[in-house]
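One structure is given below, encoded as C-alpha coordinates.
The values are calculated or read from the model by the stated rules, or taken from the named source; none is laboratory data. Just so it is clear, the structure is predicted and the values come from calculations on it, not from any experiment. In this analysis, Cβ positions are derived from the backbone assuming ideal geometry, glycine residues included, and neighbour counts consider all displayed protein chains. In case anyone asks, the SASA skips ligands and DNA or RNA and just uses the protein heavy atoms, side chains included. Shrake-Rupley method; radii C 1.70, N 1.55, O 1.52, S 1.80 Å.
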Amino acid sequence: ASAVLSHLLWRPAKPATPTYSRLTFRRGNIGTARFAPDGRSVVYGASWEGQPIEIYTTRPEGPESTPIGMKNADLFSVSPTGELAISLRERFLAGPSGVGTLATVPIGGGAPRPIAEFVGRADWTPDGKQLAVVRFLEGRNRLELPLGKILYGSERWLDVLRISPDGNWVALLERARSGRSLLIVDRAGKSRTLAGPRIRGQGIAWSRSGDEIWFDDRGERGQFVLNAVDFSGRVRTLASAPVGLILHDISGDGRVLVERYGSQPGILGLAPGETRERDLSWFDGSSPAGLSNDGRILLINESGDAAGRGGTYYLRKTDGSPAVRLGEGTALDLSADGKWALAHAADSPESMVLQPTGTGTPISIGRAGFEGARRGWIFPDGKRLLIAANEPGRKRRFYVQDIPSGKPRAISTEGPDSTGHPISPDGRWVVGFRDWAEDLFLFPTEGGEQRTIPDTKALDPICWSPDGKFLIATETGTIPARVVRIDIATGSREHWKDLAPPELGGVIGVGPVWMTPDGRSYVYGYARAATSDLYLVEGLK
(Lines give C-alpha, C1' and ligand atoms only; values in the text may rest on other atoms or scores of the structure.)
Protein backbone atom coordinates (compact mmCIF):
# COMPACT_ATOMS: atom_id res chain seq x y z
CA ALA A 1 0.00 0.00 0.00
CA SER A 2 2.85 2.35 0.87
CA ALA A 3 4.51 1.70 -2.50
CA VAL A 4 1.27 2.30 -4.39
CA LEU A 5 0.62 5.54 -2.47
CA SER A 6 4.17 6.72 -3.13
CA HIS A 7 3.78 5.99 -6.84
CA LEU A 8 0.55 7.96 -6.99
CA LEU A 9 1.97 10.92 -5.09
CA TRP A 10 5.12 11.17 -7.26
CA ARG A 11 3.48 10.54 -10.63
CA PRO A 12 4.40 13.49 -12.92
CA ALA A 13 1.50 15.78 -13.63
CA LYS A 14 0.25 15.83 -17.20
CA PRO A 15 1.41 18.96 -19.02
CA ALA A 16 -1.21 21.65 -19.29
CA THR A 17 -2.76 22.12 -22.73
CA PRO A 18 -1.38 25.33 -24.30
CA THR A 19 -3.87 28.10 -25.02
CA TYR A 20 -3.68 30.14 -28.21
CA SER A 21 -4.96 33.73 -28.44
CA ARG A 22 -5.07 35.38 -31.85
CA LEU A 23 -3.49 38.85 -32.08
CA THR A 24 -3.84 39.88 -35.75
CA PHE A 25 -6.86 39.58 -38.04
CA ARG A 26 -6.07 41.22 -41.39
CA ARG A 27 -5.23 39.58 -44.74
CA GLY A 28 -1.55 39.53 -45.56
CA ASN A 29 1.72 38.23 -44.16
CA ILE A 30 3.82 38.80 -41.05
CA GLY A 31 7.47 39.83 -41.11
CA THR A 32 9.20 39.69 -37.71
CA ALA A 33 7.45 39.98 -34.32
CA ARG A 34 8.83 40.64 -30.84
CA PHE A 35 7.52 41.37 -27.35
CA ALA A 36 7.90 44.97 -26.19
CA PRO A 37 9.79 45.71 -22.91
CA ASP A 38 6.51 45.74 -20.93
CA GLY A 39 6.10 42.03 -21.77
CA ARG A 40 2.52 42.45 -23.00
CA SER A 41 2.63 44.71 -26.06
CA VAL A 42 3.81 43.18 -29.32
CA VAL A 43 5.73 44.94 -32.09
CA TYR A 44 5.71 43.41 -35.57
CA GLY A 45 6.20 44.07 -39.25
CA ALA A 46 3.51 43.07 -41.75
CA SER A 47 2.28 43.61 -45.28
CA TRP A 48 -1.52 43.85 -45.12
CA GLU A 49 -3.82 43.74 -48.17
CA GLY A 50 -0.85 43.81 -50.56
CA GLN A 51 0.49 47.11 -49.18
CA PRO A 52 4.19 47.78 -48.45
CA ILE A 53 5.52 46.16 -45.30
CA GLU A 54 5.07 48.39 -42.23
CA ILE A 55 5.70 48.21 -38.47
CA TYR A 56 2.77 47.95 -36.01
CA THR A 57 2.11 47.51 -32.31
CA THR A 58 -0.75 45.58 -30.70
CA ARG A 59 -1.90 44.21 -27.34
CA PRO A 60 -3.84 41.05 -26.43
CA GLU A 61 -6.77 43.07 -25.08
CA GLY A 62 -8.13 44.01 -28.50
CA PRO A 63 -7.98 43.17 -32.23
CA GLU A 64 -6.61 46.52 -33.42
CA SER A 65 -3.00 47.14 -34.47
CA THR A 66 -1.48 50.62 -34.55
CA PRO A 67 1.14 51.63 -37.14
CA ILE A 68 4.14 53.52 -35.76
CA GLY A 69 4.77 55.38 -39.02
CA MET A 70 7.51 53.16 -40.49
CA LYS A 71 6.55 52.04 -44.01
CA ASN A 72 8.79 49.93 -46.26
CA ALA A 73 10.37 48.65 -43.06
CA ASP A 74 10.39 45.43 -41.05
CA LEU A 75 11.32 44.81 -37.44
CA PHE A 76 14.58 43.18 -36.37
CA SER A 77 14.63 43.50 -32.58
CA VAL A 78 13.40 45.50 -29.57
CA SER A 79 15.86 46.67 -26.90
CA PRO A 80 15.04 46.67 -23.15
CA THR A 81 14.71 50.47 -23.34
CA GLY A 82 12.22 50.38 -26.23
CA GLU A 83 14.61 51.14 -29.07
CA LEU A 84 13.70 49.32 -32.28
CA ALA A 85 16.27 47.85 -34.65
CA ILE A 86 14.55 47.90 -38.04
CA SER A 87 15.25 47.07 -41.66
CA LEU A 88 14.55 49.82 -44.17
CA ARG A 89 13.55 48.01 -47.34
CA GLU A 90 13.94 50.31 -50.34
CA ARG A 91 14.28 47.25 -52.57
CA PHE A 92 11.88 44.97 -50.72
CA LEU A 93 8.46 46.52 -51.07
CA ALA A 94 6.10 43.78 -49.94
CA GLY A 95 7.93 40.71 -48.69
CA PRO A 96 9.40 40.33 -45.22
CA SER A 97 12.50 38.44 -46.31
CA GLY A 98 15.73 39.75 -47.77
CA VAL A 99 18.19 42.44 -46.72
CA GLY A 100 17.92 46.14 -46.08
CA THR A 101 19.48 49.07 -44.29
CA LEU A 102 19.79 48.59 -40.53
CA ALA A 103 18.40 51.57 -38.61
CA THR A 104 17.20 52.37 -35.10
CA VAL A 105 14.07 54.25 -34.08
CA PRO A 106 12.14 54.73 -30.78
CA ILE A 107 9.19 52.41 -30.29
CA GLY A 108 6.87 55.43 -30.32
CA GLY A 109 8.03 56.38 -33.81
CA GLY A 110 10.21 59.16 -35.19
CA ALA A 111 12.95 59.56 -37.75
CA PRO A 112 15.05 56.39 -38.16
CA ARG A 113 18.83 56.58 -37.80
CA PRO A 114 20.57 54.43 -40.47
CA ILE A 115 23.54 52.37 -39.20
CA ALA A 116 24.63 49.79 -41.81
CA GLU A 117 23.64 48.49 -45.24
CA PHE A 118 23.05 44.96 -46.55
CA VAL A 119 21.90 43.61 -43.17
CA GLY A 120 19.73 40.49 -43.20
CA ARG A 121 19.18 40.01 -39.44
CA ALA A 122 19.94 41.89 -36.23
CA ASP A 123 19.38 41.45 -32.49
CA TRP A 124 20.04 43.67 -29.47
CA THR A 125 22.29 42.54 -26.65
CA PRO A 126 20.44 42.21 -23.29
CA ASP A 127 21.73 45.60 -22.11
CA GLY A 128 20.53 47.29 -25.29
CA LYS A 129 23.97 48.78 -26.02
CA GLN A 130 25.12 46.67 -28.99
CA LEU A 131 23.67 44.90 -32.00
CA ALA A 132 24.58 41.54 -33.48
CA VAL A 133 24.01 41.43 -37.25
CA VAL A 134 24.16 39.04 -40.18
CA ARG A 135 25.51 40.53 -43.41
CA PHE A 136 26.50 39.16 -46.82
CA LEU A 137 29.83 40.81 -47.62
CA GLU A 138 33.06 39.72 -49.30
CA GLY A 139 31.37 36.60 -50.63
CA ARG A 140 30.35 35.22 -47.23
CA ASN A 141 27.47 35.46 -44.81
CA ARG A 142 28.95 36.67 -41.56
CA LEU A 143 27.87 37.19 -37.97
CA GLU A 144 29.17 40.43 -36.47
CA LEU A 145 29.06 41.36 -32.77
CA PRO A 146 29.52 44.22 -32.28
CA LEU A 147 29.01 45.66 -35.75
CA GLY A 148 32.22 45.19 -37.72
CA LYS A 149 33.72 42.40 -35.57
CA ILE A 150 33.27 39.04 -37.34
CA LEU A 151 32.53 36.14 -35.00
CA TYR A 152 31.45 33.59 -37.60
CA GLY A 153 31.46 33.31 -41.39
CA SER A 154 29.79 30.82 -43.70
CA GLU A 155 29.20 30.10 -47.37
CA ARG A 156 25.66 29.15 -46.35
CA TRP A 157 22.79 31.48 -45.51
CA LEU A 158 22.41 32.55 -41.90
CA ASP A 159 18.66 32.88 -41.62
CA VAL A 160 18.02 33.87 -37.99
CA LEU A 161 20.08 35.04 -35.02
CA ARG A 162 19.17 35.52 -31.36
CA ILE A 163 21.40 36.54 -28.42
CA SER A 164 21.14 34.59 -25.16
CA PRO A 165 19.69 36.29 -22.03
CA ASP A 166 23.19 36.51 -20.47
CA GLY A 167 24.66 37.96 -23.67
CA ASN A 168 27.37 35.28 -23.96
CA TRP A 169 25.98 33.25 -26.87
CA VAL A 170 24.45 33.87 -30.27
CA ALA A 171 22.11 31.22 -31.71
CA LEU A 172 21.89 30.92 -35.49
CA LEU A 173 19.95 28.97 -38.09
CA GLU A 174 22.35 28.08 -40.92
CA ARG A 175 20.69 26.96 -44.13
CA ALA A 176 21.92 24.31 -46.56
CA ARG A 177 20.03 22.58 -49.38
CA SER A 178 18.95 19.69 -47.19
CA GLY A 179 17.64 21.89 -44.37
CA ARG A 180 18.89 24.04 -41.52
CA SER A 181 21.24 23.53 -38.58
CA LEU A 182 20.92 25.28 -35.24
CA LEU A 183 24.29 26.38 -33.89
CA ILE A 184 25.63 28.62 -31.14
CA VAL A 185 28.62 30.98 -31.26
CA ASP A 186 30.33 32.49 -28.20
CA ARG A 187 31.95 35.92 -27.91
CA ALA A 188 35.34 34.42 -28.85
CA GLY A 189 33.95 33.09 -32.13
CA LYS A 190 33.85 29.41 -31.13
CA SER A 191 30.84 27.60 -32.59
CA ARG A 192 29.11 24.25 -32.25
CA THR A 193 26.00 22.70 -33.74
CA LEU A 194 23.19 21.69 -31.39
CA ALA A 195 20.56 20.40 -33.83
CA GLY A 196 20.19 19.66 -37.53
CA PRO A 197 21.13 19.52 -40.35
CA ARG A 198 17.60 18.80 -41.57
CA ILE A 199 15.58 21.30 -39.55
CA ARG A 200 12.73 22.59 -41.69
CA GLY A 201 11.83 25.54 -39.48
CA GLN A 202 12.26 29.30 -39.66
CA GLY A 203 12.31 30.69 -36.12
CA ILE A 204 14.32 30.39 -32.90
CA ALA A 205 14.16 31.97 -29.42
CA TRP A 206 16.01 31.48 -26.14
CA SER A 207 14.05 30.14 -23.19
CA ARG A 208 13.66 32.68 -20.40
CA SER A 209 16.19 30.73 -18.27
CA GLY A 210 18.69 30.69 -21.13
CA ASP A 211 19.42 26.97 -20.85
CA GLU A 212 17.48 25.97 -23.98
CA ILE A 213 16.82 27.25 -27.48
CA TRP A 214 13.32 26.73 -28.82
CA PHE A 215 12.73 26.29 -32.56
CA ASP A 216 9.99 25.33 -34.98
CA ASP A 217 10.32 22.34 -37.29
CA ARG A 218 8.45 19.79 -39.39
CA GLY A 219 7.90 16.29 -37.97
CA GLU A 220 8.42 13.04 -39.85
CA ARG A 221 4.71 12.77 -40.70
CA GLY A 222 4.37 16.34 -41.90
CA GLN A 223 3.02 17.89 -38.69
CA PHE A 224 4.46 21.18 -37.43
CA VAL A 225 6.25 21.07 -34.10
CA LEU A 226 7.86 23.37 -31.55
CA ASN A 227 11.02 21.84 -30.13
CA ALA A 228 13.61 22.75 -27.50
CA VAL A 229 17.30 21.85 -27.48
CA ASP A 230 19.74 22.23 -24.58
CA PHE A 231 23.48 22.83 -24.65
CA SER A 232 24.20 19.09 -24.81
CA GLY A 233 22.07 18.68 -27.95
CA ARG A 234 19.10 16.93 -26.30
CA VAL A 235 15.89 17.77 -28.19
CA ARG A 236 12.40 17.60 -26.74
CA THR A 237 9.03 18.43 -28.30
CA LEU A 238 6.96 21.19 -26.72
CA ALA A 239 3.87 21.15 -28.95
CA SER A 240 2.64 20.00 -32.35
CA ALA A 241 -0.01 21.32 -34.71
CA PRO A 242 -1.48 20.43 -38.12
CA VAL A 243 -0.89 23.99 -39.40
CA GLY A 244 2.29 25.93 -40.07
CA LEU A 245 3.93 27.51 -37.01
CA ILE A 246 6.84 29.96 -36.89
CA LEU A 247 8.36 30.83 -33.52
CA HIS A 248 9.05 34.55 -33.04
CA ASP A 249 9.72 35.30 -29.37
CA ILE A 250 9.45 34.26 -25.71
CA SER A 251 8.60 36.82 -23.01
CA GLY A 252 10.17 37.08 -19.57
CA ASP A 253 7.12 35.39 -18.00
CA GLY A 254 7.22 32.44 -20.44
CA ARG A 255 4.52 33.43 -22.91
CA VAL A 256 5.32 32.58 -26.52
CA LEU A 257 4.72 34.52 -29.72
CA VAL A 258 4.10 32.36 -32.80
CA GLU A 259 2.86 32.87 -36.32
CA ARG A 260 0.34 30.58 -37.97
CA TYR A 261 0.99 30.54 -41.67
CA GLY A 262 0.25 28.81 -44.90
CA SER A 263 2.23 29.54 -48.04
CA GLN A 264 1.96 28.29 -51.58
CA PRO A 265 4.92 28.50 -53.96
CA GLY A 266 4.18 28.33 -57.64
CA ILE A 267 5.46 28.92 -61.16
CA LEU A 268 4.15 31.20 -63.89
CA GLY A 269 5.56 31.33 -67.40
CA LEU A 270 5.14 32.63 -70.91
CA ALA A 271 5.55 29.85 -73.49
CA PRO A 272 6.82 30.47 -77.05
CA GLY A 273 4.19 31.99 -79.32
CA GLU A 274 1.76 32.71 -76.46
CA THR A 275 0.61 36.10 -75.15
CA ARG A 276 -0.62 35.15 -71.67
CA GLU A 277 1.26 33.60 -68.78
CA ARG A 278 0.40 30.04 -67.81
CA ASP A 279 0.47 28.40 -64.36
CA LEU A 280 3.17 25.73 -64.64
CA SER A 281 3.20 24.58 -61.00
CA TRP A 282 2.97 20.83 -60.48
CA PHE A 283 2.57 19.79 -56.82
CA ASP A 284 2.53 21.82 -53.60
CA GLY A 285 6.13 23.09 -53.61
CA SER A 286 7.06 23.96 -57.20
CA SER A 287 10.09 26.12 -58.05
CA PRO A 288 11.72 26.59 -61.47
CA ALA A 289 15.25 25.19 -61.78
CA GLY A 290 16.00 25.67 -65.48
CA LEU A 291 14.58 26.50 -68.92
CA SER A 292 15.73 25.29 -72.34
CA ASN A 293 16.94 27.89 -74.85
CA ASP A 294 13.81 27.45 -76.99
CA GLY A 295 11.57 28.05 -73.97
CA ARG A 296 9.67 24.78 -74.43
CA ILE A 297 11.09 22.66 -71.57
CA LEU A 298 11.02 23.57 -67.88
CA LEU A 299 12.91 21.90 -65.02
CA ILE A 300 10.99 21.93 -61.71
CA ASN A 301 12.06 21.32 -58.12
CA GLU A 302 9.38 20.03 -55.76
CA SER A 303 9.99 20.60 -52.04
CA GLY A 304 6.52 20.34 -50.48
CA ASP A 305 4.74 17.45 -48.77
CA ALA A 306 4.37 15.58 -52.07
CA ALA A 307 8.16 15.51 -52.54
CA GLY A 308 9.22 13.97 -49.21
CA ARG A 309 12.20 15.13 -47.18
CA GLY A 310 14.81 14.75 -49.92
CA GLY A 311 12.94 16.59 -52.67
CA THR A 312 12.20 15.49 -56.23
CA TYR A 313 12.63 17.14 -59.63
CA TYR A 314 10.48 16.99 -62.74
CA LEU A 315 10.48 17.96 -66.39
CA ARG A 316 7.49 19.76 -67.85
CA LYS A 317 6.75 21.27 -71.24
CA THR A 318 5.72 24.90 -71.08
CA ASP A 319 2.62 24.16 -73.17
CA GLY A 320 1.11 22.77 -69.96
CA SER A 321 1.64 19.07 -70.61
CA PRO A 322 1.87 16.85 -67.51
CA ALA A 323 5.21 16.82 -65.69
CA VAL A 324 7.54 13.81 -65.85
CA ARG A 325 9.45 12.75 -62.74
CA LEU A 326 13.23 12.63 -63.30
CA GLY A 327 14.70 11.79 -59.90
CA GLU A 328 15.12 12.46 -56.19
CA GLY A 329 17.19 15.38 -54.97
CA THR A 330 17.55 19.01 -56.03
CA ALA A 331 17.84 20.08 -59.67
CA LEU A 332 20.44 22.77 -60.45
CA ASP A 333 20.32 23.44 -64.19
CA LEU A 334 18.92 22.31 -67.53
CA SER A 335 21.09 22.06 -70.65
CA ALA A 336 20.46 24.53 -73.46
CA ASP A 337 18.89 21.80 -75.63
CA GLY A 338 16.80 20.44 -72.73
CA LYS A 339 18.35 16.96 -72.96
CA TRP A 340 20.20 16.89 -69.61
CA ALA A 341 19.40 17.99 -66.06
CA LEU A 342 22.16 18.65 -63.52
CA ALA A 343 21.14 17.81 -59.96
CA HIS A 344 22.25 17.09 -56.41
CA ALA A 345 21.32 13.51 -55.54
CA ALA A 346 19.05 13.08 -52.52
CA ASP A 347 21.34 10.51 -50.87
CA SER A 348 24.50 12.57 -51.47
CA PRO A 349 23.70 16.30 -51.62
CA GLU A 350 27.35 17.27 -52.10
CA SER A 351 27.71 15.12 -55.25
CA MET A 352 26.13 15.83 -58.63
CA VAL A 353 24.51 13.77 -61.35
CA LEU A 354 23.68 14.52 -64.99
CA GLN A 355 20.25 13.02 -65.57
CA PRO A 356 19.04 12.45 -69.14
CA THR A 357 15.61 13.92 -69.76
CA GLY A 358 14.90 11.22 -72.33
CA THR A 359 16.57 7.90 -72.97
CA GLY A 360 20.11 7.43 -71.73
CA THR A 361 22.22 6.62 -68.68
CA PRO A 362 22.81 9.07 -65.78
CA ILE A 363 26.36 10.41 -65.46
CA SER A 364 27.75 10.68 -61.93
CA ILE A 365 29.87 13.75 -61.16
CA GLY A 366 32.01 13.02 -58.09
CA ARG A 367 32.87 15.45 -55.33
CA ALA A 368 36.39 15.88 -56.78
CA GLY A 369 37.85 16.85 -53.43
CA PHE A 370 35.28 19.57 -52.76
CA GLU A 371 34.11 20.16 -49.20
CA GLY A 372 30.87 21.61 -50.52
CA ALA A 373 29.40 22.19 -53.98
CA ARG A 374 26.78 24.94 -53.77
CA ARG A 375 25.62 25.32 -57.38
CA GLY A 376 26.30 23.98 -60.86
CA TRP A 377 25.55 24.87 -64.48
CA ILE A 378 25.93 23.18 -67.86
CA PHE A 379 27.94 25.03 -70.52
CA PRO A 380 26.06 25.96 -73.72
CA ASP A 381 28.05 23.34 -75.69
CA GLY A 382 27.04 20.64 -73.18
CA LYS A 383 30.64 19.44 -72.76
CA ARG A 384 31.62 21.17 -69.52
CA LEU A 385 30.23 22.13 -66.13
CA LEU A 386 30.60 25.32 -64.15
CA ILE A 387 30.63 24.52 -60.43
CA ALA A 388 30.51 26.91 -57.46
CA ALA A 389 32.33 24.94 -54.75
CA ASN A 390 34.93 25.18 -52.04
CA GLU A 391 37.91 23.02 -51.29
CA PRO A 392 38.69 22.19 -47.63
CA GLY A 393 39.87 25.28 -45.79
CA ARG A 394 39.07 27.64 -48.68
CA LYS A 395 36.18 29.88 -49.69
CA ARG A 396 33.89 29.17 -52.61
CA ARG A 397 35.26 29.62 -56.16
CA PHE A 398 34.10 28.93 -59.70
CA TYR A 399 35.49 25.78 -61.29
CA VAL A 400 35.24 24.44 -64.84
CA GLN A 401 35.09 20.66 -65.24
CA ASP A 402 34.96 18.59 -68.41
CA ILE A 403 32.17 16.00 -68.62
CA PRO A 404 32.16 13.29 -67.43
CA SER A 405 35.28 13.01 -65.30
CA GLY A 406 37.61 15.92 -65.96
CA LYS A 407 39.64 17.54 -63.21
CA PRO A 408 38.01 20.75 -61.89
CA ARG A 409 39.95 23.90 -62.77
CA ALA A 410 39.50 27.09 -60.73
CA ILE A 411 38.74 30.17 -62.84
CA SER A 412 37.89 32.79 -60.23
CA THR A 413 39.04 34.43 -57.05
CA GLU A 414 37.36 33.31 -53.83
CA GLY A 415 33.82 34.25 -52.87
CA PRO A 416 31.66 34.49 -56.03
CA ASP A 417 28.23 33.05 -56.73
CA SER A 418 25.63 33.52 -59.45
CA THR A 419 22.06 32.87 -60.55
CA GLY A 420 20.17 32.03 -63.75
CA HIS A 421 22.32 31.10 -66.77
CA PRO A 422 25.61 32.89 -65.96
CA ILE A 423 27.71 31.50 -68.84
CA SER A 424 28.10 33.59 -72.02
CA PRO A 425 26.83 32.07 -75.31
CA ASP A 426 30.40 31.44 -76.54
CA GLY A 427 31.40 29.90 -73.18
CA ARG A 428 34.24 32.40 -72.64
CA TRP A 429 32.82 34.36 -69.69
CA VAL A 430 30.94 33.75 -66.46
CA VAL A 431 29.05 36.53 -64.69
CA GLY A 432 29.00 36.44 -60.88
CA PHE A 433 28.74 38.50 -57.73
CA ARG A 434 30.36 38.48 -54.29
CA ASP A 435 27.81 40.46 -52.32
CA TRP A 436 25.14 43.12 -52.73
CA ALA A 437 27.61 45.95 -52.07
CA GLU A 438 29.80 45.14 -55.11
CA ASP A 439 29.31 45.33 -58.85
CA LEU A 440 28.95 42.21 -60.99
CA PHE A 441 32.15 40.55 -62.21
CA LEU A 442 33.02 38.77 -65.46
CA PHE A 443 35.37 35.81 -65.00
CA PRO A 444 37.19 34.42 -68.10
CA THR A 445 36.90 30.66 -68.46
CA GLU A 446 40.17 30.24 -70.40
CA GLY A 447 42.46 32.45 -68.33
CA GLY A 448 42.98 36.19 -68.13
CA GLU A 449 41.93 39.13 -66.00
CA GLN A 450 38.46 39.41 -64.50
CA ARG A 451 36.36 42.43 -65.44
CA THR A 452 33.87 44.53 -63.51
CA ILE A 453 30.55 45.64 -64.97
CA PRO A 454 30.09 49.17 -63.57
CA ASP A 455 26.93 50.31 -61.75
CA THR A 456 25.57 46.78 -61.28
CA LYS A 457 25.22 46.44 -57.50
CA ALA A 458 22.39 44.28 -56.08
CA LEU A 459 21.48 42.54 -59.33
CA ASP A 460 20.67 38.86 -59.92
CA PRO A 461 21.73 37.62 -63.40
CA ILE A 462 19.15 35.80 -65.52
CA CYS A 463 20.84 35.21 -68.88
CA TRP A 464 22.95 36.71 -71.67
CA SER A 465 21.70 38.11 -74.96
CA PRO A 466 22.45 35.89 -78.00
CA ASP A 467 25.26 38.22 -79.16
CA GLY A 468 26.86 38.31 -75.69
CA LYS A 469 26.72 42.12 -75.49
CA PHE A 470 23.92 42.44 -72.96
CA LEU A 471 22.97 40.83 -69.67
CA ILE A 472 19.40 40.37 -68.44
CA ALA A 473 19.02 40.59 -64.66
CA THR A 474 16.54 41.39 -61.90
CA GLU A 475 17.02 44.05 -59.26
CA THR A 476 17.50 41.96 -56.13
CA GLY A 477 14.37 41.24 -54.12
CA THR A 478 11.92 43.61 -55.78
CA ILE A 479 8.21 42.78 -55.87
CA PRO A 480 7.23 42.73 -58.72
CA ALA A 481 10.56 41.41 -60.01
CA ARG A 482 12.02 44.33 -61.95
CA VAL A 483 13.84 42.99 -65.01
CA VAL A 484 16.56 45.16 -66.57
CA ARG A 485 18.77 44.92 -69.67
CA ILE A 486 22.42 45.83 -69.02
CA ASP A 487 25.10 46.88 -71.50
CA ILE A 488 28.10 44.81 -70.39
CA ALA A 489 30.63 47.34 -71.71
CA THR A 490 29.18 50.41 -69.97
CA GLY A 491 26.88 49.08 -67.25
CA SER A 492 24.03 51.27 -68.51
CA ARG A 493 20.65 49.69 -67.94
CA GLU A 494 17.12 49.98 -69.20
CA HIS A 495 13.95 48.69 -67.57
CA TRP A 496 12.61 45.81 -69.63
CA LYS A 497 9.58 44.38 -67.82
CA ASP A 498 8.07 43.55 -64.42
CA LEU A 499 7.19 39.99 -63.42
CA ALA A 500 4.65 39.07 -60.72
CA PRO A 501 1.36 37.23 -60.28
CA PRO A 502 -1.68 39.30 -61.34
CA GLU A 503 -2.86 39.56 -57.71
CA LEU A 504 -0.08 40.85 -55.45
CA GLY A 505 -1.93 40.45 -52.15
CA GLY A 506 0.06 38.14 -49.88
CA VAL A 507 2.95 37.67 -52.32
CA ILE A 508 6.14 37.39 -50.25
CA GLY A 509 8.69 36.79 -53.00
CA VAL A 510 9.17 36.60 -56.78
CA GLY A 511 11.95 34.44 -58.24
CA PRO A 512 13.99 32.74 -59.40
CA VAL A 513 13.58 33.92 -62.98
CA TRP A 514 14.67 31.89 -66.02
CA MET A 515 14.48 33.37 -69.52
CA THR A 516 15.35 32.42 -73.09
CA PRO A 517 18.27 34.40 -74.59
CA ASP A 518 15.92 36.25 -76.96
CA GLY A 519 13.73 37.31 -74.01
CA ARG A 520 10.53 36.10 -75.66
CA SER A 521 9.78 33.29 -73.20
CA TYR A 522 10.37 33.00 -69.47
CA VAL A 523 9.31 31.33 -66.24
CA TYR A 524 9.47 32.60 -62.68
CA GLY A 525 8.70 31.31 -59.23
CA TYR A 526 6.70 33.09 -56.58
CA ALA A 527 5.51 32.49 -53.04
CA ARG A 528 2.21 33.65 -51.62
CA ALA A 529 1.27 33.67 -47.93
CA ALA A 530 -2.20 32.15 -47.88
CA THR A 531 -2.65 32.98 -44.19
CA SER A 532 -0.37 34.66 -41.69
CA ASP A 533 -1.55 35.56 -38.18
CA LEU A 534 0.16 36.16 -34.85
CA TYR A 535 -0.86 34.15 -31.79
CA LEU A 536 0.00 34.45 -28.12
CA VAL A 537 0.61 31.03 -26.57
CA GLU A 538 0.46 30.33 -22.84
CA GLY A 539 1.21 27.08 -21.03
CA LEU A 540 4.24 25.87 -22.98
CA LYS A 541 7.02 24.43 -20.79
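Side notes on the structure shown:
- Most to least packed among 490-503, 436-449 [average Cβ atoms within 10 Å]: 436-449, 490-503
- Packing rank of 423-430, 185-192, 30-37, 465-472, where each peptide gets the mean count of other beta carbons within 10 Å, highest leading: 30-37, 423-430, 465-472, 185-192
- Accessible area of the chain belonging to carbon and sulfur atoms, whole % at 1.4 Å probe: 50
- Correct choice for Cα extents along the principal axes in Å that was computed from the model, options (i) 80, 62, 48; (ii) 72, 61, 42; (iii) 83, 57, 42: (i)
- Computed from the Cβ-Cβ distance with R0 of 30 Å, the FRET efficiency linking Arg113 to Lys457 stands at 0.85.
- Two-decimal log10 I(q)/I(0) for segment 376-516, as the Debye equation yields it once each C-alpha is a single scatterer, q = 0.09, 0.21 Å⁻¹: -0.28, -1.30
- Of the peptides 278-284, 325-331, the ranking by mean beta-carbon count within 10 Å, highest at the top, reads 325-331, 278-284.
- Placing pseudo-labels 7 Å out from each Cα toward the beta carbon at Ser209 and Ala241 gives an inter-label distance of 2.4 nm.
- Reachable aspartates and glutamates from Lys383, criterion Cα separation under 15 angstrom, eight or more residues apart if same chain: Asp333, Asp337, Asp402, Asp426, Glu446
- Spin-label pair Arg26/Lys190, simplified geometry with 7 Å Cα→Cβ offset, distance in nm: 4.8
- For segment 348-439: rounded, prolate or oblate by the Cα gyration tensor [a/c cutoff 1.5]: oblate
- Whether segment 153-199 is rounded, prolate or oblate, judged on the alpha carbon gyration tensor where a/c under 1.5 counts as rounded: prolate
- Subtracting the Cα-Cα distance of Phe283 and Glu446 from 0.36 nm times their residue separation leaves 54.5 nm of extension gain.
- Rolling a 1.4 Å probe across the protein heavy atoms gives segment 315-443 an accessible surface of 40 Å² per residue.
- Annotation: for a label point projected 7 angstrom from Cα along Cα→Cβ of Glu274, residues of segment 497-529 with backbone N closer than 19 Å are 498-503, 511-527.
- Entries in Lys339/Lys407; Lys149/Lys541; Lys395/Lys541 that, when Cα-Cα distance is taken, lie over 32 Å: Lys149/Lys541; Lys395/Lys541
- Prolate is the label for segment 482-541, because the ratio a/c of its alpha-carbon gyration tensor axes (a ≥ b ≥ c) is 1.5 or higher and a/b is greater than b/c.
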